[in-house]
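The values are calculated or read from the model by the stated rules, or taken from the named source; none is laboratory data. Predicted, not measured: the structure shown is a model, and the values here were computed from it. When we count neighbours, we look across all protein chains shown, and the Cβ atoms used for this are built from the backbone with ideal geometry, even at glycine. Just so you know, the surface numbers come from the protein's heavy atoms only, side chains and all, with ligands and any DNA or RNA stripped out. Shrake-Rupley method; radii C 1.70, N 1.55, O 1.52, S 1.80 Å.
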Amino acid sequence: MISSGALRRNLVLFPLSFLGSGLGNVVPQLFFRAHAPAEKERLLAACLLAGALVSLAGVAAGRALQGWALQGRAQVGTLAGTLSLVAVGAVFLGALGTASLSLFISAYLGLRLLLNAQTQVFDRRAVGATPADERRGSDFANTVYRLLGMMLGSFYFALFFDAWQVSALLLAGLVAAAAWSVAASATPQVPTAAEQPARQRTTPGDHLVVAAGTCAYATLYLFGANLTYLLADWLHVAEPGRLAGWLLLAVYGASVLGAGLVAWLARWRRRPPGLDALPFAMASVLIGGGALLALTPLASQLPVLLTLSAAMGVAHAFFLSEARDHSTRGAAAGRTGLLAGYNNMANAGAVLGFAAMTALAATPLRQAGLFHPALLGVIATLAALSGAAALAAARLDPLNLARSKEKP
């Protein structure tokens, strides 16, 4: 069961993921398509790569600020967090209302910095306020809120990018919900020095888990950030922007169902005591196979597009749920850096994916009409690397090693 406290403490992840998803998948595509169509691929790749790098700095800033959640300054942190949420809403509205490239890019980078710092601070506050016996339920709520935010954010901005007045009302509601959630972790249950586990370094297996999640996230970002262009320029479908919104809804809708499937499977399937590589392996097969199928003429048919999108969503839920479980379990054992690694997987994946995208955009492949097939090949390769890293991490996990030694 998930407690009402866990549901409220983690609710802040929904508006942050909602806005972050719009920034990462839809808003830049539509803005550059409308205001710089001749250079949209180059501008999109450069902007997204710069945003991913700024996001890494945002998580680092969040780690420096998260002491409010752990050192008795929770009320100050709540006020500062609420003000920062208001600032995000105001800047986001400005980004939606401008036609200036420089203003949009500046607002975009500022938002990526703020959103990632907030995610790290508020996530750490929620973890600090969660009793040990509620960890799994809190992890499930955290994952579902993130996935719902990603789903609805991408869908909303794909369909209502120009609805400025509606967005103003929506952003006000999101900020209010986030502030209410942040107040729930204003008095975290901080263990005493004697109760705290000894601080430990992250292990090589931990780094491999982050690497596996990074590669998996890179495939998702490459898919989402290029979906409109793939539909328009590679598959030549009608109304690519609107269809992209529905397909992203299928991606994240399937991811929410996938998170529920993971929780259901955990009830009857005997899993390893440490990292379970199976969800990562299944995600790798779904993503890689889908990317290769997208190279065929079948991919232009709507049922196939919906199936591929749903497969991407289920894969995302598989690896995200397992990575979250590993990260909070490790943090509870003293490897506190794992939580920052988890929150940075998306950013590192964006850097990796958008760097590859930028490199591809600078090659002759773009002029030869081979940019999109090459992009799908990169997605399949990254999916394979994700599965391989997770398999290696599971073999190195101390809990899995201990069980293997106990076997006769």
Only loop residues by DSSP count here, and only those with at most 10 other Cβ atoms within 10 Å; note down the chymotrypsin sites (Phe, Trp or Tyr not before Pro) in segment 82-188 that meet that. none
Rounded to two decimals, the Rg over Rh value of the chain from Cα coordinates and the Kirkwood Rh reads 0.96
For segment 119-180, treating each Cα as an identical point scatterer without solvent, what Debye log10 I(q)/I(0) comes out at q = 0.17, 0.18, 0.24 1/Å? -0.73, -0.79, -1.08
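Looking only at trypsin sites (Lys or Arg not before Pro) in DSSP loops with at most 11 other Cβ atoms within 10 Å, what is the longest site-free stretch of the chain?
On the way: sites that count: Arg199, Arg201, Arg269, Arg270.
In short, 1-198.
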Toward the positive end of the charge dipole of the chain, about the Cα centre and with charges on Cβ (Lys, Arg +1; Asp, Glu -1), which of Trp180, Leu222, Gly149 goes farthest? Trp180
List every DSSP H helix in the chain whose Cα atoms extend 27 Å or more along the helix's own long axis and whose mean Kyte-Doolittle hydropathy is at least 1.0. 40-65, 74-97, 164-184, 240-268, 337-361, 371-396
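Take the solvent-accessible surface of the protein heavy atoms, probe 1.4 Å, and return the percent of it on segment 101-145 that carbon and sulfur atoms account for. Let's see the in-between values first.
Working: 1060 of 1580 Å².
Ligands and nucleic acids excluded, carbon and sulfur give 67 percent.
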Just the number please: accessible area per residue for the chain, 1.4 Å probe, all protein chains included, in Å². 41 Å²
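Of all the accessible heavy-atom surface of segment 236-326, with the other protein chains kept in place and a 1.4 Å probe, what percent is carbon and sulfur?
Taking all protein chains in place, segment 236-326 shows 72 percent carbon and sulfur surface.
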